[in-house]
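Q: Structure provided below as C-alpha coordinates; questions to follow.
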Amino acid sequence: MSGGDKLDFEIRPNLQPVPAAERAALLANPGFGRIFTDHMVTIRYAEGKGWYDARVEARAPIPMDPATAVLHYAQEIFEGLKAYHAADGGVTMFRPQANAARFAASAERMAMAPLPEAAFLESLRQLITIDRDWIPTGEDGSLYLRPFMYASEVFLGVRPAMEYLYVVIASPVGSYFSGGVKPVNVWVSPHYTRAAPGGTGAAKCGGNYATSLVAQAEAMEHGCDQVVFLDAVERRYVDELGGMNVFFVYDDGTLVTPPLTGTILPGITRDSVITLARQQGRTVVERPISFDEWRADAESGRLREAFACGTAAVITPIGQVRFPDGSFTIADGGPGETTMGLRQILVDLQRGRGEDPNGWVYRVS
Ligand SMILES: *Cc1c(COP(=O)(O)O)cnc(C)c1O
(Lines give C-alpha, C1' and ligand atoms only; values in the text may rest on other atoms or scores of the structure.)
Protein backbone atom coordinates (compact mmCIF):
# COMPACT_ATOMS: atom_id res chain seq x y z
CA MET A 1 0.00 0.00 0.00
CA SER A 2 3.07 2.19 0.38
CA GLY A 3 2.99 3.20 -3.27
CA GLY A 4 -0.68 4.12 -3.11
CA ASP A 5 -1.75 0.84 -4.70
CA LYS A 6 -4.95 -0.74 -3.45
CA LEU A 7 -4.84 -3.06 -0.48
CA ASP A 8 -6.48 -6.42 -1.18
CA PHE A 9 -8.21 -8.09 1.73
CA GLU A 10 -7.82 -11.83 2.01
CA ILE A 11 -11.12 -13.17 3.35
CA ARG A 12 -11.03 -16.26 5.54
CA PRO A 13 -14.57 -16.80 6.87
CA ASN A 14 -14.97 -18.10 10.41
CA LEU A 15 -15.69 -21.82 10.05
CA GLN A 16 -17.32 -21.96 13.48
CA PRO A 17 -19.50 -18.86 13.70
CA VAL A 18 -21.88 -18.44 16.62
CA PRO A 19 -25.07 -20.41 15.72
CA ALA A 20 -28.00 -18.21 14.65
CA ALA A 21 -30.17 -19.06 17.67
CA GLU A 22 -27.36 -18.22 20.09
CA ARG A 23 -26.64 -14.98 18.23
CA ALA A 24 -30.31 -13.98 18.43
CA ALA A 25 -30.28 -14.61 22.19
CA LEU A 26 -27.16 -12.44 22.58
CA LEU A 27 -28.64 -9.66 20.44
CA ALA A 28 -31.81 -9.58 22.54
CA ASN A 29 -29.90 -7.80 25.30
CA PRO A 30 -26.43 -6.85 24.09
CA GLY A 31 -25.48 -4.28 26.75
CA PHE A 32 -22.37 -2.31 25.77
CA GLY A 33 -19.01 -3.84 24.78
CA ARG A 34 -19.72 -7.26 26.21
CA ILE A 35 -20.30 -9.37 23.11
CA PHE A 36 -18.39 -9.52 19.85
CA THR A 37 -18.98 -10.64 16.30
CA ASP A 38 -17.48 -13.64 14.50
CA HIS A 39 -14.73 -11.81 12.61
CA MET A 40 -12.00 -9.19 12.81
CA VAL A 41 -9.86 -7.31 10.32
CA THR A 42 -6.10 -7.08 10.64
CA ILE A 43 -3.54 -5.15 8.57
CA ARG A 44 0.18 -5.10 9.25
CA TYR A 45 2.70 -2.34 8.78
CA ALA A 46 6.46 -2.52 8.62
CA GLU A 47 8.86 0.33 8.02
CA GLY A 48 10.15 0.16 4.45
CA LYS A 49 7.36 -2.20 3.41
CA GLY A 50 4.25 -0.18 4.17
CA TRP A 51 0.82 -1.68 4.84
CA TYR A 52 0.47 -5.35 3.92
CA ASP A 53 -1.29 -8.62 4.76
CA ALA A 54 -4.84 -7.21 5.06
CA ARG A 55 -7.19 -9.91 6.27
CA VAL A 56 -10.73 -10.60 7.35
CA GLU A 57 -10.64 -13.63 9.60
CA ALA A 58 -12.20 -15.31 12.62
CA ARG A 59 -12.00 -13.10 15.72
CA ALA A 60 -9.38 -14.75 17.90
CA PRO A 61 -6.74 -13.94 20.52
CA ILE A 62 -3.63 -12.26 19.13
CA PRO A 63 -0.44 -14.00 20.32
CA MET A 64 2.01 -11.46 21.65
CA ASP A 65 5.67 -11.57 22.57
CA PRO A 66 6.20 -10.19 26.10
CA ALA A 67 8.64 -7.64 24.68
CA THR A 68 6.06 -6.21 22.26
CA ALA A 69 6.58 -2.45 22.43
CA VAL A 70 2.97 -1.47 23.18
CA LEU A 71 3.06 -3.41 26.46
CA HIS A 72 5.89 -1.21 27.70
CA TYR A 73 5.49 2.20 26.06
CA ALA A 74 1.75 2.33 25.30
CA GLN A 75 2.04 3.34 21.66
CA GLU A 76 -1.63 2.65 20.92
CA ILE A 77 -4.57 4.54 19.37
CA PHE A 78 -8.17 3.70 18.62
CA GLU A 79 -11.43 4.90 17.12
CA GLY A 80 -15.08 4.27 17.90
CA LEU A 81 -17.98 4.51 15.46
CA LYS A 82 -21.17 2.68 14.71
CA ALA A 83 -22.96 0.91 11.87
CA TYR A 84 -26.75 1.18 11.85
CA HIS A 85 -29.68 -0.56 10.26
CA ALA A 86 -31.21 2.21 8.16
CA ALA A 87 -34.93 2.82 7.82
CA ASP A 88 -34.86 1.49 4.23
CA GLY A 89 -33.22 -1.83 5.18
CA GLY A 90 -29.69 -0.75 4.21
CA VAL A 91 -26.71 -0.29 6.50
CA THR A 92 -25.15 3.09 7.26
CA MET A 93 -22.25 4.65 9.09
CA PHE A 94 -22.07 8.26 10.24
CA ARG A 95 -19.14 10.41 8.98
CA PRO A 96 -16.57 7.57 8.96
CA GLN A 97 -14.22 9.77 6.90
CA ALA A 98 -13.93 12.00 9.98
CA ASN A 99 -12.91 8.98 12.05
CA ALA A 100 -10.31 8.07 9.39
CA ALA A 101 -8.87 11.60 9.54
CA ARG A 102 -8.78 11.61 13.33
CA PHE A 103 -7.16 8.17 13.38
CA ALA A 104 -4.42 9.52 11.11
CA ALA A 105 -4.02 12.59 13.33
CA SER A 106 -3.80 10.41 16.46
CA ALA A 107 -1.18 8.25 14.69
CA GLU A 108 0.89 11.31 13.89
CA ARG A 109 0.80 12.57 17.50
CA MET A 110 1.87 9.14 18.75
CA ALA A 111 4.66 8.85 16.11
CA MET A 112 2.90 5.91 14.47
CA ALA A 113 2.37 5.07 10.80
CA PRO A 114 -0.82 6.70 9.45
CA LEU A 115 -3.28 4.32 7.80
CA PRO A 116 -4.64 5.76 4.52
CA GLU A 117 -8.31 6.76 4.60
CA ALA A 118 -9.23 4.29 1.84
CA ALA A 119 -7.82 1.36 3.83
CA PHE A 120 -9.56 2.51 7.00
CA LEU A 121 -12.96 2.79 5.26
CA GLU A 122 -12.54 -0.48 3.39
CA SER A 123 -11.62 -2.32 6.61
CA LEU A 124 -14.91 -1.17 8.16
CA ARG A 125 -16.90 -2.07 5.06
CA GLN A 126 -15.37 -5.55 5.01
CA LEU A 127 -16.16 -6.26 8.66
CA ILE A 128 -19.70 -4.87 8.51
CA THR A 129 -20.44 -6.89 5.39
CA ILE A 130 -19.25 -10.22 6.73
CA ASP A 131 -20.82 -9.66 10.19
CA ARG A 132 -23.97 -7.94 8.97
CA ASP A 133 -26.24 -10.38 10.83
CA TRP A 134 -24.78 -9.03 14.08
CA ILE A 135 -26.20 -5.53 13.66
CA PRO A 136 -29.04 -5.19 16.18
CA THR A 137 -32.36 -4.16 14.62
CA GLY A 138 -33.95 -2.23 17.52
CA GLU A 139 -34.05 1.58 17.67
CA ASP A 140 -31.38 1.70 20.40
CA GLY A 141 -29.19 -0.92 18.79
CA SER A 142 -26.14 -0.56 16.57
CA LEU A 143 -22.87 -2.30 15.76
CA TYR A 144 -20.06 -0.53 17.56
CA LEU A 145 -16.87 -0.66 15.50
CA ARG A 146 -13.53 -0.45 17.23
CA PRO A 147 -10.56 0.13 14.94
CA PHE A 148 -7.27 0.26 16.83
CA MET A 149 -3.56 0.10 16.19
CA TYR A 150 -0.56 -0.64 18.34
CA ALA A 151 3.21 -0.94 18.21
CA SER A 152 3.72 -4.63 17.48
CA GLU A 153 7.49 -4.56 17.12
CA VAL A 154 9.35 -6.73 19.60
CA PHE A 155 11.91 -4.49 21.22
CA LEU A 156 12.71 -2.64 24.42
CA GLY A 157 14.01 0.83 23.76
CA VAL A 158 12.51 4.26 23.59
CA ARG A 159 11.86 5.23 19.97
CA PRO A 160 8.86 4.96 17.63
CA ALA A 161 8.23 1.35 16.67
CA MET A 162 8.89 0.16 13.14
CA GLU A 163 6.03 -2.34 13.06
CA TYR A 164 2.32 -1.82 13.76
CA LEU A 165 -0.76 -3.98 13.81
CA TYR A 166 -4.10 -2.41 12.85
CA VAL A 167 -7.19 -4.33 13.97
CA VAL A 168 -10.94 -3.80 13.74
CA ILE A 169 -13.37 -5.65 15.99
CA ALA A 170 -17.11 -5.10 16.31
CA SER A 171 -19.54 -5.29 19.20
CA PRO A 172 -23.34 -5.20 18.94
CA VAL A 173 -24.55 -2.65 21.46
CA GLY A 174 -27.74 -1.34 23.02
CA SER A 175 -27.84 1.84 25.05
CA TYR A 176 -24.51 3.01 26.56
CA PHE A 177 -25.90 3.89 29.96
CA SER A 178 -28.13 1.15 31.34
CA GLY A 179 -31.74 2.32 31.46
CA GLY A 180 -31.60 4.39 28.24
CA VAL A 181 -31.59 8.20 28.04
CA LYS A 182 -31.76 9.72 31.48
CA PRO A 183 -29.70 12.53 32.93
CA VAL A 184 -26.34 11.54 34.38
CA ASN A 185 -24.65 12.89 37.47
CA VAL A 186 -21.11 14.10 36.95
CA TRP A 187 -18.21 14.48 39.36
CA VAL A 188 -15.77 17.38 39.04
CA SER A 189 -12.41 15.90 39.91
CA PRO A 190 -10.46 18.03 42.40
CA HIS A 191 -7.26 15.98 42.15
CA TYR A 192 -6.78 14.72 38.66
CA THR A 193 -6.43 16.33 35.25
CA ARG A 194 -6.66 14.59 31.92
CA ALA A 195 -4.43 16.45 29.48
CA ALA A 196 -1.94 19.29 29.59
CA PRO A 197 -1.02 21.73 26.81
CA GLY A 198 1.40 19.98 24.47
CA GLY A 199 0.25 16.58 25.68
CA THR A 200 -1.92 13.95 24.05
CA GLY A 201 -5.40 15.27 24.93
CA ALA A 202 -6.43 15.61 21.29
CA ALA A 203 -5.24 12.11 20.35
CA LYS A 204 -7.55 9.15 20.84
CA CYS A 205 -4.98 7.02 22.62
CA GLY A 206 -5.43 4.36 25.25
CA GLY A 207 -3.00 6.18 27.54
CA ASN A 208 -5.46 9.07 28.02
CA TYR A 209 -7.99 6.58 29.31
CA ALA A 210 -5.48 4.82 31.56
CA THR A 211 -4.83 8.07 33.39
CA SER A 212 -8.55 8.90 33.64
CA LEU A 213 -9.60 5.69 35.40
CA VAL A 214 -8.68 6.72 38.93
CA ALA A 215 -10.81 9.84 38.53
CA GLN A 216 -13.63 7.79 37.04
CA ALA A 217 -13.45 5.47 40.05
CA GLU A 218 -13.63 8.53 42.33
CA ALA A 219 -16.71 9.72 40.43
CA MET A 220 -18.40 6.38 40.97
CA GLU A 221 -17.58 6.46 44.68
CA HIS A 222 -19.48 9.75 44.80
CA GLY A 223 -22.51 8.31 43.04
CA CYS A 224 -21.66 9.83 39.67
CA ASP A 225 -21.68 8.22 36.25
CA GLN A 226 -18.88 10.26 34.72
CA VAL A 227 -16.02 12.56 35.64
CA VAL A 228 -15.57 16.16 34.44
CA PHE A 229 -11.97 17.21 33.96
CA LEU A 230 -10.82 20.77 34.50
CA ASP A 231 -7.85 22.26 32.62
CA ALA A 232 -4.43 21.17 33.82
CA VAL A 233 -2.89 24.67 34.09
CA GLU A 234 -5.35 26.67 36.19
CA ARG A 235 -7.76 23.93 37.25
CA ARG A 236 -10.53 26.39 36.46
CA TYR A 237 -11.88 25.71 33.00
CA VAL A 238 -14.02 22.77 31.98
CA ASP A 239 -12.23 20.53 29.47
CA GLU A 240 -14.46 17.52 28.91
CA LEU A 241 -15.70 14.29 30.45
CA GLY A 242 -13.61 11.11 30.53
CA GLY A 243 -14.84 10.11 27.09
CA MET A 244 -17.34 12.73 26.00
CA ASN A 245 -17.37 16.42 25.07
CA VAL A 246 -19.60 18.85 26.91
CA PHE A 247 -22.09 21.57 25.89
CA PHE A 248 -23.97 24.25 27.83
CA VAL A 249 -27.35 25.66 26.74
CA TYR A 250 -28.28 29.20 27.83
CA ASP A 251 -31.68 30.82 28.28
CA ASP A 252 -31.36 32.72 24.97
CA GLY A 253 -30.81 29.43 23.10
CA THR A 254 -27.05 29.91 22.73
CA LEU A 255 -24.80 26.88 22.99
CA VAL A 256 -21.34 27.12 24.55
CA THR A 257 -18.64 24.44 24.35
CA PRO A 258 -14.94 24.48 25.27
CA PRO A 259 -12.64 25.27 22.32
CA LEU A 260 -10.26 22.80 20.63
CA THR A 261 -6.97 23.98 22.06
CA GLY A 262 -5.26 20.60 22.03
CA THR A 263 -6.29 19.39 25.47
CA ILE A 264 -9.69 17.99 24.51
CA LEU A 265 -10.63 15.31 22.04
CA PRO A 266 -12.11 16.76 18.84
CA GLY A 267 -15.34 14.77 18.95
CA ILE A 268 -17.20 14.09 15.74
CA THR A 269 -20.46 14.29 17.68
CA ARG A 270 -19.30 17.67 19.05
CA ASP A 271 -18.60 18.91 15.54
CA SER A 272 -21.97 17.59 14.30
CA VAL A 273 -23.84 19.28 17.16
CA ILE A 274 -22.16 22.61 16.41
CA THR A 275 -23.11 22.38 12.73
CA LEU A 276 -26.69 21.23 13.38
CA ALA A 277 -27.33 23.88 16.02
CA ARG A 278 -26.04 26.62 13.70
CA GLN A 279 -28.26 25.29 10.93
CA GLN A 280 -31.18 25.67 13.35
CA GLY A 281 -30.24 29.33 13.63
CA ARG A 282 -28.67 29.07 17.07
CA THR A 283 -25.53 30.84 18.16
CA VAL A 284 -22.77 28.40 19.11
CA VAL A 285 -19.73 29.79 20.91
CA GLU A 286 -16.51 27.85 21.37
CA ARG A 287 -14.87 29.47 24.39
CA PRO A 288 -13.41 28.51 27.75
CA ILE A 289 -16.04 28.20 30.46
CA SER A 290 -14.94 28.01 34.06
CA PHE A 291 -16.38 25.74 36.69
CA ASP A 292 -17.33 28.81 38.77
CA GLU A 293 -19.22 30.28 35.81
CA TRP A 294 -21.01 26.96 35.21
CA ARG A 295 -22.08 26.85 38.83
CA ALA A 296 -23.15 30.51 39.05
CA ASP A 297 -25.12 30.33 35.79
CA ALA A 298 -26.84 27.10 36.84
CA GLU A 299 -27.74 28.66 40.19
CA SER A 300 -29.06 31.87 38.60
CA GLY A 301 -31.08 29.90 36.06
CA ARG A 302 -29.34 31.51 33.07
CA LEU A 303 -27.92 28.10 32.21
CA ARG A 304 -30.87 25.94 31.21
CA GLU A 305 -29.27 22.68 30.08
CA ALA A 306 -25.96 20.88 29.92
CA PHE A 307 -25.17 17.74 27.99
CA ALA A 308 -22.35 15.37 27.15
CA CYS A 309 -21.85 13.94 23.68
CA GLY A 310 -19.93 11.20 21.95
CA THR A 311 -20.52 8.28 19.62
CA ALA A 312 -21.11 5.72 22.35
CA ALA A 313 -23.92 7.56 24.18
CA VAL A 314 -24.84 10.09 21.40
CA ILE A 315 -26.16 12.95 23.59
CA THR A 316 -26.72 12.54 27.29
CA PRO A 317 -28.27 15.22 29.52
CA ILE A 318 -26.32 16.21 32.63
CA GLY A 319 -28.61 16.37 35.66
CA GLN A 320 -26.49 17.06 38.69
CA VAL A 321 -22.92 18.25 39.18
CA ARG A 322 -21.08 17.12 42.29
CA PHE A 323 -17.74 18.30 43.71
CA PRO A 324 -16.03 17.95 47.08
CA ASP A 325 -17.81 20.92 48.70
CA GLY A 326 -21.29 20.36 47.37
CA SER A 327 -23.42 19.98 44.30
CA PHE A 328 -25.78 21.84 42.01
CA THR A 329 -28.56 20.79 39.68
CA ILE A 330 -29.07 21.95 36.08
CA ALA A 331 -32.60 23.43 35.93
CA ASP A 332 -34.98 20.80 37.34
CA GLY A 333 -32.48 17.99 36.75
CA GLY A 334 -34.51 16.47 33.94
CA PRO A 335 -33.64 16.16 30.22
CA GLY A 336 -33.83 19.55 28.48
CA GLU A 337 -35.75 20.28 25.30
CA THR A 338 -32.77 21.51 23.30
CA THR A 339 -30.69 18.53 24.39
CA MET A 340 -33.34 16.01 23.45
CA GLY A 341 -34.18 17.83 20.21
CA LEU A 342 -30.57 17.74 19.03
CA ARG A 343 -30.34 14.12 20.07
CA GLN A 344 -33.36 13.20 17.98
CA ILE A 345 -31.99 14.97 14.89
CA LEU A 346 -28.70 13.10 15.24
CA VAL A 347 -30.34 9.73 15.83
CA ASP A 348 -32.64 10.22 12.82
CA LEU A 349 -29.70 11.12 10.60
CA GLN A 350 -27.71 8.10 11.76
CA ARG A 351 -30.65 5.86 10.86
CA GLY A 352 -30.93 7.38 7.40
CA ARG A 353 -34.20 9.17 8.21
CA GLY A 354 -34.96 12.64 6.92
CA GLU A 355 -32.78 15.06 4.97
CA ASP A 356 -28.99 14.82 5.09
CA PRO A 357 -27.94 18.26 3.82
CA ASN A 358 -24.37 17.82 5.07
CA GLY A 359 -23.78 14.47 3.36
CA TRP A 360 -22.90 12.77 6.64
CA VAL A 361 -24.62 9.46 6.07
CA TYR A 362 -22.31 6.87 4.55
CA ARG A 363 -24.07 3.99 2.85
CA VAL A 364 -22.47 0.59 3.33
CA SER A 365 -25.32 -1.15 1.52
C1 LIG B 1 -13.97 9.53 21.54
C2 LIG B 1 -13.98 10.61 22.55
C3 LIG B 1 -14.93 11.64 22.53
C4 LIG B 1 -16.11 11.66 21.58
O5 LIG B 1 -15.75 11.65 20.23
P6 LIG B 1 -16.83 11.25 19.15
O7 LIG B 1 -16.10 11.37 17.86
O8 LIG B 1 -17.95 12.21 19.25
O9 LIG B 1 -17.26 9.86 19.46
C10 LIG B 1 -14.82 12.65 23.45
N11 LIG B 1 -13.84 12.65 24.38
C12 LIG B 1 -12.91 11.68 24.43
C13 LIG B 1 -11.85 11.75 25.47
C14 LIG B 1 -12.95 10.63 23.52
O15 LIG B 1 -12.04 9.66 23.60
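Q: Within region 291-364, considering only strands (runs of 3 or more DSSP E) that don't extend past its boundaries, which have at least 2 residues that are farther than 20 Å from SER189 by Cβ? Explain how you work it out, then say what you get.
A: Details: elements: 303-310, 314-323, 326-329, 361-363.
So the answer is 303-310, 314-323, 361-363.
Q: How many residues does region 209-237 hold that are more than 17 Å from GLY326 (Cα to Cα) and in contact (Cβ under 8 Å) with a residue 60 or more places away in the chain?
A: Qualifying residue count for the region: 1.
Q: Test GLY333 against the criterion of being closer than 18 Å to GLY243 by Cα and more than 16 Å from the ligand (Cβ to nearest atom), and give yes or no.
A: Numbers: closer than 18 Å to GLY243 by Cα: no; more than 16 Å from the ligand (Cβ to nearest atom): yes.
No.
Q: I would also like to ask the following. Is region 64-80 home to any residue that is more than 15 Å from the ligand (Cβ to nearest atom), among the polar types (S, T, N, Q) and closer than 24 Å to THR211 by Cα?
A: yes
Q: Determine the pairs where a residue that is under 20 Å from PRO136 (Cα atoms) and in a helix (DSSP H, G or I), located within region 1-30, has a partner that is open to solvent by 90 Å² or more (accessible area, probe 1.4 Å) and modelled with pLDDT of 95 or more with Cβ atoms under 7 Å apart, the partner being 6 or more residues away or on another chain.
A: ARG23/ASP133
Q: Taking the criterion of being within 28 Å of GLN350 (Cα to Cα) and of a type in the set (S, T, N, Q), would at least one residue in region 281-291 satisfy it?
A: yes
Q: What tally of residues in region 56-86 results from selecting those that are aromatic (Phe, Trp, Tyr), within 25 Å of GLN350 (Cα to Cα) and either open to solvent by 60 Å² or more (accessible area, probe 1.4 Å) or in a loop (DSSP other than H, G, I, E, B) (or both)? If you could, list the steps in order and put the result at the bottom.
A: Residues of region 56-86 aromatic (Phe, Trp, Tyr): 73, 78, 84.
Cutting the leftovers down to within 25 Å of GLN350 (Cα to Cα) gives us 78, 84.
If we keep only those that are either open to solvent by 60 Å² or more (accessible area, probe 1.4 Å) or in a loop (DSSP other than H, G, I, E, B) (or both) too, we end up with none.
Residues flagged as aromatic (Phe, Trp, Tyr), within 25 Å of GLN350 (Cα to Cα) and either open to solvent by 60 Å² or more (accessible area, probe 1.4 Å) or in a loop (DSSP other than H, G, I, E, B) (or both) within region 56-86 amount to 0.
Q: Could you grab me the full set of residues in region 158-176 that are open to solvent by less than 20 Å² (accessible area, probe 1.4 Å) and either within 24 Å of MET110 (Cβ to Cβ) or part of a loop (DSSP other than H, G, I, E, B) (or both)?
A: Taking region 158-176 as the starting set, the residues that turn out to be open to solvent by less than 20 Å² (accessible area, probe 1.4 Å) are 161, 164-168, 170-174.
ALA161, TYR164, LEU165, TYR166, VAL167, VAL168, ALA170, SER171, GLY174 - these are the residues of region 158-176 that are open to solvent by less than 20 Å² (accessible area, probe 1.4 Å) and either within 24 Å of MET110 (Cβ to Cβ) or part of a loop (DSSP other than H, G, I, E, B) (or both).
Q: Looking at VAL167, VAL188, VAL173, VAL154 in this structure, which one is touching a residue at least 60 places away in the same chain (Cβ under 8 Å), touching an Asp or Glu at 6+ places or on another chain (Cβ under 7 Å) and aliphatic (A, V, I, L, M)? Steps first, please.
A: Values: VAL167 fails: touching an Asp or Glu at 6+ places or on another chain (Cβ under 7 Å); VAL188 fails: touching an Asp or Glu at 6+ places or on another chain (Cβ under 7 Å); VAL173 fails: touching an Asp or Glu at 6+ places or on another chain (Cβ under 7 Å).
Residue meeting the stated conditions: VAL154.
Let's see how each residue does on (1) in contact with a helix residue (DSSP H, G or I) (Cβ under 9 Å, 6 or more places away or on another chain); (2) more than 18 Å from LEU124 (Cβ to Cβ); (3) of a type in the set (Lys, Arg):
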site	(1), (2), (3)
ILE35	yes, yes, no
VAL41	yes, no, no
MET64	yes, yes, no
ARG95	yes, no, yes
ALA98	yes, no, no
ALA101	yes, no, no
ALA104	yes, no, no
GLU108	no, yes, no
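Q: Something else about it: Among the numbered conditions (1) within 12 Å of the ligand (Cβ to nearest atom); (2) touching a Ser or Thr at 6+ places or on another chain (Cβ under 7 Å); (3) at pLDDT 95 or above, tell me where ILE264 comes up short.
A: The single condition ILE264 does not satisfy is (2).
Q: Within region 87-121, how many residues are within 23 Å of LEU349 (Cβ to Cβ) and assigned to a helix (DSSP H, G or I)?
A: First pass over region 87-121, keeping only residues within 23 Å of LEU349 (Cβ to Cβ): 87-103, 117, 120-121.
With the extra rule that they be assigned to a helix (DSSP H, G or I), the set shrinks to 96-103, 117, 120-121.
The qualifying residues number 11.
Q: Among the residues of region 22-55 satisfying the criterion of being farther than 30 Å from MET162 by Cα and open to solvent by 80 Å² or more (accessible area, probe 1.4 Å), which is farthest from the chain's Cα centre (by Cα)?
A: Taking the candidates together, the pick is GLU22.
The values are calculated or read from the model by the stated rules, or taken from the named source; none is laboratory data. Just so it is clear, the model here is predicted, and its values are computed rather than measured. Every residue, glycine among them, receives a Cβ derived from its backbone with ideal geometry; neighbour counts consider all protein chains shown. Please note that ligands, DNA and RNA were not included when accessible areas were found on the heavy atoms of the full protein model with its side chains. Shrake-Rupley method; radii C 1.70, N 1.55, O 1.52, S 1.80 Å.
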